Amino acid sequence: MNTKEMIIDSVKYSLNGKKDFIFFGFLLWSISFIIYITNEYSILGILLFIPISIFLFIEGGYIATIIESTLFGSDTHPEFKNIKDLIWRGIKELLILLVYSTIPIIVLIIAIFEIIIFSDDISTLILLIMFIFSLFFSLVIMQSAIIHYEYKHSKLRTAFEIKTILKKLKNMGFSNLISSFSLVLLFTLIIQPTLSDISENMHPLISIIMNFTILPFLAVFSARFTGLIGRYHFKED
């Protein structure tokens with residue numbers, strides 16, 4: 001399946017997920033509402049830190065189940081059940097994200113210190129270029145690690161089998177790697193966060209509509225597309 005076919009499949013899959021829209025819509029609206037409360041009343045926001053964390057972990061856990069079910073050939077939406085399992089899966093996804101974000105964060109910190117202390121344009125430019133490349137590389141490895149560890153039924157240690165993950169990336173081929181992961185990163189790092197920020201600053205009615213339609217669609221689409229990358233381009237031996 002090529003990238004175009006994967007996009008079409010992911011769109012159809014996402015549009016069939018009416019229950020997912022309600023589920024994700026409720027989670028996204030709840031998160032947005034808690035963030036609003038936090039901005040208005042900081043003390044109350046501290047009290048709501050645990051609920052918002054739980055909602056985020058549940059969202060991440062369910063996305064993980066979509067990726068896993070897609071990897072193993074399912075074309076139907078997984079059932080929303082076992083909240084504890086979803087929370088735990090969401091926590092593991094966060095740990096993977098934090099570990100693979102270490103290198104670009106270090107490069108960014110060095111670049112900031114370089115700008116503040118030395119203000120050398122050339123070295124700053126080099127460091128910023130290094131940051132961009134390290135960020136892209138780390139995010140590709142992170143997405144690949146998630147695919148690999150979902151193939152292994154969410155065994156956390158498998159997310160850090162770097163040699164195996166790099167080997168599978170090599171076997172994908174450069175064109176498949178760039179086209180597939182660039183699209184995932186475009187949706188997860190640019191489109192989704194941008195629309196989410198926009199929805200928080202819009203009329204409440206429009207914000208609710210976006211939280212129950214567009215944003216859930218993008219979340220399911222990204223998860224499905226990531227699963228298809230694993231199914232067709234990142235296969236296990």
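Data overview
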read-out	value
Index of the failed condition, residue 90 passing every other in (1) open to solvent by 70 Å² or more (accessible area, probe 1.4 Å); (2) under 22 Å from residue 221 (Cα atoms)	(1)
Flag for residue 135 being free of Cβ contacts under 8 Å to residues at least 24 places away in the same chain, of a type in the set (A, V, I, L, M) and in a helix (DSSP H, G or I)	no
Residue within region 221-236 that is in a helix (DSSP H, G or I) and open to solvent by 50 Å² or more (accessible area, probe 1.4 Å) present	yes
Filter pass, residue 153 being open to solvent by 80 Å² or more (accessible area, probe 1.4 Å), of a type outside the set (D, E, K, R) and touching a residue at least 24 places away in the same chain (Cβ under 8 Å)	yes
Residue within region 120-131 that is charged (D, E, K, R) and within 26 Å of residue 184 (Cα to Cα) present	no
Criterion (more than 22 Å from residue 53 (Cα to Cα), of a type in the set (A, V, I, L, M) and open to solvent by 20 Å² or more (accessible area, probe 1.4 Å)) met by exactly one of 165, 106	106
Positions within region 82-117 being touching a helix residue (DSSP H, G or I) at 6+ places or on another chain (Cβ under 8 Å), aromatic (Phe, Trp, Tyr) and without any contact (Cβ under 8 Å) to a residue 40 or more places away in the chain, in sequence order	88
Of all residues in region 183-210 being of a type outside the set (Ser, Thr, Tyr) and touching a Ser or Thr at 6+ places or on another chain (Cβ under 6 Å), the one that is surrounded by the most Cβ atoms within 10 Å (Cβ to Cβ)	210
Residues of region 1-19 that turn out to be open to solvent by 80 Å² or more (accessible area, probe 1.4 Å) and either on the phi > 0 side of the Ramachandran plot or touching a residue at least 12 places away in the same chain (Cβ under 8 Å) (or both), as a count	3
Residue 174 being at pLDDT below 85, open to solvent by 10 Å² or more (accessible area, probe 1.4 Å), of a type in the set (Phe, Trp, Tyr) and under 13 Å from the mean Cα position of the chain (by Cα)	no
Among the candidates 96, 110, 91, 103, residue that is part of a helix (DSSP H, G or I) and over 30 Å from residue 231 (Cα atoms)	110
Qualifying position, being among the hydrophobic types (A, V, I, L, M, F, W, C) and more than 13 Å from the chain's Cα centre (by Cα), among 96, 52, 67, 63	52
Yes/no for residue 144 being without any contact (Cβ under 8 Å) to a residue 40 or more places away in the chain, open to solvent by less than 60 Å² (accessible area, probe 1.4 Å), assigned to a helix (DSSP H, G or I) and not acidic (Asp, Glu)	no
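The values are calculated or read from the model by the stated rules, or taken from the named source; none is laboratory data. None of these values were measured; they are calculated from a predicted model. Backbone-built Cβ (ideal geometry, glycine too); neighbour counts: all protein chains shown. With ligands, DNA and RNA removed, areas are computed over all heavy atoms of the protein, side chains included. Shrake-Rupley method; radii C 1.70, N 1.55, O 1.52, S 1.80 Å.
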